[in-house]
2 protein chains.
Amino acid sequence: MVKLWEINLNNYDWKNNRKYETIFTLANGYRGFRGIQDFSKRYECGNFIAGIFDKNDAQVTEIVNCQNPLLLNIYFDNELVDIDTSEVINFERKLNMKEGVLYSTYSLKLPSGRMVKIDKERFVSRNNVHRYGEKIKIKPLNFSGKMFVENLIDGSVTNSTYDPYNRSKHIRVEKALDLKPGILLSTKTIDKGIEIVEATTIYAECEGENIFKSRKFSNFGEVSREVYEAFVKEGKEFVLFKYGTTFTSRDSNLDLINLTKVELDEFLKQGYEDEKQKHINVWEELWNKIDIQINGDEAAQIGIRFNLFQLASSAYEGDTRVSIAAKALHGEGYKGHVFWDTETFMLPFFIYTNPKVARALLMYRYNTLDGARKNAKMNGYKGAQFPWESADDGLEVTPKWGFGYNGEPIRIWTGEEEFHINADISFAVWEYYRATGDEDFWLNYGIEIILDTAKFWNSRLEYNKEYDRYEINKVIGPDEFHEHVNNNVFTNYLAKWNMKKAVEVAKQLNQINLNKYRALCNNLCLSEIDFNEWENRLNKIYIPMAKDGKLIEQFEGYFELADIPITKYDSNGMPKWPDLKGLKLHDTQLIKQADIVMLMLMLEDEFSDEVKKINYEYYEKRTMHKSSLSPSMYSIMGLKVGDRQNSYKYFMKTIYTDIEDNQGNAAHGLHAASTGGSWQSAVFGFGGFSIDNEEIPNFNPWIPENWNEFSYKLNWKGTELRITIDKEKVGVRADNDILVKIYGNKFNLVKDEEIFVSR
Amino acid sequence: MVKLWEINLNNYDWKNNRKYETIFTLANGYRGFRGIQDFSKRYECGNFIAGIFDKNDAQVTEIVNCQNPLLLNIYFDNELVDIDTSEVINFERKLNMKEGVLYSTYSLKLPSGRMVKIDKERFVSRNNVHRYGEKIKIKPLNFSGKMFVENLIDGSVTNSTYDPYNRSKHIRVEKALDLKPGILLSTKTIDKGIEIVEATTIYAECEGENIFKSRKFSNFGEVSREVYEAFVKEGKEFVLFKYGTTFTSRDSNLDLINLTKVELDEFLKQGYEDEKQKHINVWEELWNKIDIQINGDEAAQIGIRFNLFQLASSAYEGDTRVSIAAKALHGEGYKGHVFWDTETFMLPFFIYTNPKVARALLMYRYNTLDGARKNAKMNGYKGAQFPWESADDGLEVTPKWGFGYNGEPIRIWTGEEEFHINADISFAVWEYYRATGDEDFWLNYGIEIILDTAKFWNSRLEYNKEYDRYEINKVIGPDEFHEHVNNNVFTNYLAKWNMKKAVEVAKQLNQINLNKYRALCNNLCLSEIDFNEWENRLNKIYIPMAKDGKLIEQFEGYFELADIPITKYDSNGMPKWPDLKGLKLHDTQLIKQADIVMLMLMLEDEFSDEVKKINYEYYEKRTMHKSSLSPSMYSIMGLKVGDRQNSYKYFMKTIYTDIEDNQGNAAHGLHAASTGGSWQSAVFGFGGFSIDNEEIPNFNPWIPENWNEFSYKLNWKGTELRITIDKEKVGVRADNDILVKIYGNKFNLVKDEEIFVSR
């Protein structure tokens, strides 16, 4: 069933171009190409190379929109093939997720009456991340004559194309070269002078023979261009191949121009089809690890695959100096910055399906520790304070000002107040280590992160003498409707966890690896005195609670706010704004997204089923889901507390965030956290996977009525498990002997032998 | 009647954009701005500054399309005002020719539903050719909110935008500066490094108050940009003013950047309305000299004014190193090259209405004499051989290859064979001198041109011993259907005239100004021996004739070609191709354009009325009018020989060449020769103006039935004459005492006293 692997678009409306640029982005971790509409000038191009940031005159440091090497213009006797001026007779774009190839078919009637059929495909190689290719079949349907093909690399690209006031240019064109065949354009970023080299070449054949008759190279200021002339015949199809290669000074110290040229030559020698097949093979291997199969629910099947595809596309193990931005490599939204989204929402997918990538992502945090230390110093704290928004060096890059719904300037406080990111990262480090047992990472990098963030937290605590407790005041928790709040439980709980884990880890290290312990203590300026102090203090960190000791108060004073629960839902089952009766949002108990519920998922064992249920039910009625990070978490918790109907609704909402653009801003890039949330919702939610205090994999799956079979794979400490749930039973198989719990009962799995448990 | 001064366009179809860019071009002799459609991205911009040529990698030296300072983007809350994505509710563009102002009115509904009304005007100052301005009134009809205005100078402009293979870039961006307020972009041409500086600034006000709230400058590679932020209110109109100034290193040796900036400051200080009024005043003065009034025939009235307007716009007296290109300052057609079109078709208009401009145009030929001498030397001739196509230095720049109707390469021979240009220029020099008595020009420049072209002709003559005659073989006459012909009468006749005039002039000069005579002889290496030789030879130049001695044979052997006269005409009365029965065009007597008829107009007194009539009737049936230079000439000759019906038809065809795009290529620029032909057709044709051998102004007017009154002005040797023809009589008035002939009778006009003669 190819259909279950495809995202299709069957009609053309230029107004949707920017949204589909995101949906049809092809990325390989090294770079992302937005899926700009072929043969249209109405686009927001995107060539994002992971890790290339620049500020120049922009508000804050942002991901650089590099020179665009994807422009290819076709002219018949000087008439440009332009979909926006043509009659669109046939139109289909489909993202084949199994192959990682974007296919398009167009039948166009040009203003002159010329009719042409074009089949186009593109891949951005996962086999060799420096390569991408296109194959374009063109058939003149009712004419013969001259054709010109213009292959361009456009260095005039800016960021914020559609935001005139904030538009900013981050590259300076350095060289435009004729590679004969092929063209090259090299640029440098303004601030740091990172060199970016793009090279591309095309060739065309009909019945195996080259059809190009003449060629001209031009260097137009910021554009490198080659134009070919050919004669085409009515009814005769010919094929055009476009080869592209990319290198930057982040990749190599060698002569980049030569490197890119040689790569292009090699790619040409190897051939388009061969590279494409190798790319598909890598995707096959990837899918073998990450695929989630939902039999009986096509929408869910296609939707979950889209999320897995785009999330897997957004990272690779080849670079430990980059992470996944909130909008991944799919758009300029949030300036290419990395948030807690990566560690808290996306990372579990990688930890449990592709640990090498998870490690690379965490190494990004390790490699930006110096920036985090500078943040702490600048703010008067100690240790490492990770930035709320992170670019290439770990310094805080959250903008201080943004715009509200009515265009009014709004002060953004998250960069100064949303501290929980530090515990989120430490938690992720531990989660990775717990799942993989990667001692090398743990000893050499992981522990250092946990200790230095604990050191930060300790410096951040405020002693309240009256109550003899430690507080963390003036913060923002995950729920960003409420700013400058005191003692946000999520923050305090995780800060406590962070410090506790640090103390525990330090003690262990002291025991098992004294050298390492001493080196770390020396490097981080810590000693047993500190660990003791942390231990004493962390138990006094204040956690606000309702009087019954069960309903958690999101932050101190939250329960005193006006209580205006949600009562109405839209056609998608999502909450509608209640009447605030003139109150400001922050004066109500309405929250933007999962906060307490999020905490109870992260530290699952610390909360009883009853507490979970009470809190879920309370907060579910007050959560507006104005962040794409929210529905997936309610989906999972819903399943844990028995709210199955809402779980499915939240799950579908999550997996269709971008495809249906249900947050209204898919144009700005992928909702990457939501892709991670989709995986979590499937695996932690319906798949019922969790790790208990004994570090035993638990499976408590439940699947909706309309699902015939649901299966996924997991990697636990090097063992691959495959879980299959159908209407009657749960099947678990592993490639090693392993102890698991299914519906609370222990089972000793024998290598490659599937066991079945009735539901 | 404003309407009689306007060219209107009332509906929008982007497919017509390029055509109307030409029609709505505003030029002031110094420069031309194509009238690109406001708020559209579908344009071929044109900022042509007279005299700036470059070759770089183009086929031949061509006029440079300079950086475009006219781009102005308006965004409402980041939504671009784009006419091509909007619903066009109201649309009007009108060229007010009286004022030289282009007015536009748009009511647009943007994709978001925002409705906006925009009134725009532009003038390119004739008061100060370095200035242009725009005034834009904007009214948000159904919304309030943020607005951004982006003022750009785009240095990424290339030539041949719509010809991908031949696209070429002639400017290199040098500096993009923030003038605070205002922006500047300077470029240099590739070959000669001519510096071009454009500066522009905008301001906006509502009820007298500045509405801009913030501003940002950017230098995006080849673009200099300023963007302003404002808040606009529903129903509240505001006004935006754009000021622009331009200088090039052709204009001054001073610091150009400073010059342009200072000019901008002065312009701002002076104010938009004041400069606009001064510009209108200059046009009022101009119209007072050039206007032709046709009462009773609105189409003819509007049409003739369009031609006068655009021709007058294409030249000014301020630069003697430039002439008018075949497409004027209105497009890239014919690469901005100057042909015989200027001297033969356009110059009479200037000679008789604005002699200072005529002199400047002829000075261009004088100033390119060195190039002409190089051409002669290169081709093995003597004297000065003016190029068939001329750019900035008089060297031959005709391309050697072009494309036929089916895209097949075609060898272009005109640059090697169309010699008559040399006599055309000499004839124009003499015509100017005859009309103006400008002794300074004549003695210091004019005679030198006539002598040195005569020297060329003498070296070009081929002696035919058999017949003891001189021939000019392997030439192209005005009729370009026939190449490599021998003894084209037009060429031979004018060569003879040129040599005869040279001998006559030399003899006179010898008599009246011996010093000058000697200096010229010395400089041109001529002596009485040469003049005698020329005199002997010129009388033996062969002029092919029919046996009756009346019907002239266009060239030797022409009458032996297959005779396939035209029998069918299209709805505009223009000839349809007869059935060639497999013959090649050059094997038939069909001709492209006026050739013999043209000759008989230029040297009117040398042909009897009978000869004119016989030849007109013969050639009229064989002329396809495949050049816009043709119908006007047939119109004039038709009146002289009594073919009045065709005359009107040809006149209307001529004056509507561009407005109705009846040659199908108005997009490429103005048919400038045709504008000159329009004036000639009106004044020499219907106005019946001619100069006889005694150098007395003759008037033999005739006007069509539907014309109530027809009037024009003339300048003859410093005297301004006004001729008015109505249904009954001809009125002539002069601002000096002067002798004229009306319908063959002499009249001594007394200053400022109109005389009337019955028709």
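Order the peptides A:223-232, A:686-695 from the highest to the lowest mean number of other Cβ atoms within 10 Å of their residues.
Those peptides, ordered most packed to least, come out A:223-232, A:686-695.
Each label point is 7 Å from the Cα along the Cα-to-Cβ direction; what then is the distance between the points at B:Glu660 and A:Asn693, in nm?
The two pseudo-label positions are separated by 9.6 nm.
Could I have the simple spin-label model distance between A:Asn748 and A:Ser214, label points 7 Å from Cα toward Cβ, reported in nm to one decimal?
If labels sit at A:Asn748 and A:Ser214, their model points lie 8.2 nm apart.
With θ set to phi - 60° and the Karplus curve 6.51 cos²θ - 1.76 cosθ + 1.60, what are the ³J(HN,Hα) couplings of region B:247-255 in order, to the nearest whole Hz, using x for Gly and Pro?
Per residue, the Karplus-derived 3J(HN,Hα) values read 9, 9, 5, 6, 8, 7, 9, 6, 5 Hz.
Of the peptides A:283-291, B:565-573, how do they stack up when ordered by the mean number of other Cβ atoms within 10 Å, highest first?
Descending packing order for the listed peptides: A:283-291, B:565-573.
Using only Cα atoms, locate the centre of region B:39-81 and the centre of region A:699-722, then give the distance between them in Å, rounded to an integer.
That distance is 61 Å.
Apply the Karplus curve 6.51 cos²θ - 1.76 cosθ + 1.60, θ = phi - 60°, to the phi angles in region A:582-598 and return the couplings in whole Hz, x for Gly and Pro.
Using θ = phi - 60°, the values come out as x, 6, 6, 3, 6, 8, 10, 8, 5, 10, 6, 7, 3, 10, 4, 4, 4 Hz.
Using 0.36 nm times the number of residues separating A:Arg172 and A:Glu705, minus their current alpha carbon distance, what extension gain do you get?
186.2 nm
Contour minus end-to-end for B:Ile512 and B:Tyr569, with contour as 0.36 nm per residue of separation and end-to-end as the Cα-Cα distance?
Computed gain between B:Ile512 and B:Tyr569 is 15.0 nm.
Provide the convex hull volume over Cα atoms per residue for chain B, in Å³.
Per-residue hull volume (Cα only) is 168 Å³.
Quick check: Cα centre of region B:255-327 to Cα centre of region A:555-625, how many Å?
70 Å
Return the carbon/sulfur percentage of the accessible area of the protein assembly as shown, one whole number, probe 1.4 Å, all protein chains in place.
Carbon and sulfur together cover 46 percent of it.
With a ≥ b ≥ c the root eigenvalues of the C-alpha gyration tensor of the protein assembly as shown, is it rounded (a/c under 1.5), prolate (a/b larger than b/c) or oblate?
prolate
When DSSP assigns beta bridges and you keep just the ones with both residues in region A:291-686, what percent turn out antiparallel, to the nearest 5?
If I count the DSSP bridges inside region A:291-686, around 75 percent turn out antiparallel.
Each label point is 7 Å from the Cα along the Cα-to-Cβ direction; what then is the distance between the points at B:Lys98 and B:Leu443, in nm?
Distance between label points: 4.5 nm.
With the cut-off at 29 Å, tell me which of the pairs A:Lys377/A:Lys516; A:Lys612/A:Lys653; B:Lys278/B:Lys727; A:Lys216/A:Lys269; A:Lys169/B:Lys236; A:Lys335/A:Lys374 have Cα atoms farther apart than that.
B:Lys278/B:Lys727; A:Lys169/B:Lys236
Quote the relative contact order of region B:187-258 in percent (integer), defining contacts as alpha-carbon pairs under 8 Å separated by 6+ residues.
Value for region B:187-258: 38 percent.
Cα to Cα, under 15 Å, and not fewer than 8 places away if on the same chain: which aspartates and glutamates meet these conditions relative to B:Lys613?
Cross-link targets: B:Asp548, B:Glu553, B:Asp595, B:Glu604, B:Asp605, B:Asp643.
How do B:325-336, B:62-73, A:251-262 rank on mean C-beta neighbours within 10 Å, highest first?
Ranked from most to least packed, the peptides come out as B:325-336, B:62-73, A:251-262.
Across the residues of A:147-157, average count of Cβ atoms on other protein chains within 10 Å?
Across the residues of A:147-157, the mean count of other-chain Cβ atoms within 10 Å is 2.
Ranked from the most accessible area to the least, with a 1.4 Å probe and all protein chains present, what is the order of B:Trp707, B:Trp14?
B:Trp14, B:Trp707
Using Cα pairs closer than 8 Å and at least 6 residues apart in sequence, work out the relative contact order for chain B, in percent.
Relative contact order here is 11 percent.
If a/c stays under 1.5 just call it rounded; otherwise compare a/b with b/c (prolate if a/b is bigger, oblate if not). Do that for region A:643-688, with a ≥ b ≥ c from the square roots of the Cα gyration tensor eigenvalues.
Oblate, because a/c is 1.5 or more while a/b does not exceed b/c.
Which residues of region A:79-118 end up with at least 20 Å² less accessible area in the presence of all protein chains than when their chain stands alone, using a 1.4 Å probe?
A:Thr85, A:Pro111
Go through B:Lys581/B:Lys626; B:Lys496/B:Lys592; B:Lys139/B:Lys188; A:Lys192/A:Lys496; A:Lys180/B:Lys400 and tell me which ones have a Cα-Cα distance over 29 Å in this structure.
Checking Cα-Cα distances, B:Lys139/B:Lys188; A:Lys192/A:Lys496 exceed 29 Å.
Estimate for me the total accessible surface buried between chains A and B (protein heavy atoms, probe 1.4 Å, no ligands or nucleic acids), in Å² to the nearest 100.
Buried: approximately 2800 Å² between B and A.
Residue by residue through A:158-164, how many Cβ atoms from other chains fall within 10 Å of the Cβ on average?
4
Mind checking region A:448-481 for trypsin sites (Lys or Arg not before Pro) that DSSP puts in a loop (not H, G, I, E or B) and that have at most 12 other Cβ atoms within 10 Å?
Sparse-neighbourhood loop trypsin sites (Lys or Arg not before Pro): A:Lys465.
How large is the accessible surface per residue of region B:311-379, computed with a 1.4 Å probe and reported in Å² as a whole number?
27 Å²
Assuming R0 = 25 Å, what is the FRET efficiency of A:Glu273 and A:Glu234, from their Cβ-Cβ distance, to the nearest 0.05?
The value I calculate is 0.35.
Which ³J(HN,Hα) values in Hz, rounded to whole numbers, follow from the phi angles of region B:728-744 under the Karplus curve 6.51 cos²θ - 1.76 cosθ + 1.60, where θ = phi - 60° and Gly and Pro get x?
Here the 3J(HN,Hα) series is 9, 9, 10, x, 10, 9, 9, 8, 8, 5, 7, 9, 10, 10, 10, 6, x Hz.
How many Cβ atoms of partner chains, on average, are near each residue of A:222-235 if near means within 10 Å of its Cβ?
2
Per residue, what accessible area does region B:692-759 have, given a 1.4 Å probe and all protein chains present, in Å²?
Result: 49 Å² of accessible area for each residue.
Quick one: angle between helix B:644-655 and the longest Cα principal axis of chain B, in degrees between 0 and 90, rounded to 10, please.
40 degrees
Which distance in Å, rounded to a whole number, links the C-alpha centroids of region B:406-454 and region B:515-532?
20 Å
The values are calculated or read from the model by the stated rules, or taken from the named source; none is laboratory data. The structure presented is a predicted model; accordingly, all values stated were derived computationally and were not measured. Please note: Cβ atoms are built from the backbone with ideal geometry, for glycine as well, and neighbour counts cover all protein chains shown. Remember, those area values only see protein heavy atoms, side chains included, never the ligands or the DNA or RNA. Shrake-Rupley method; radii C 1.70, N 1.55, O 1.52, S 1.80 Å.
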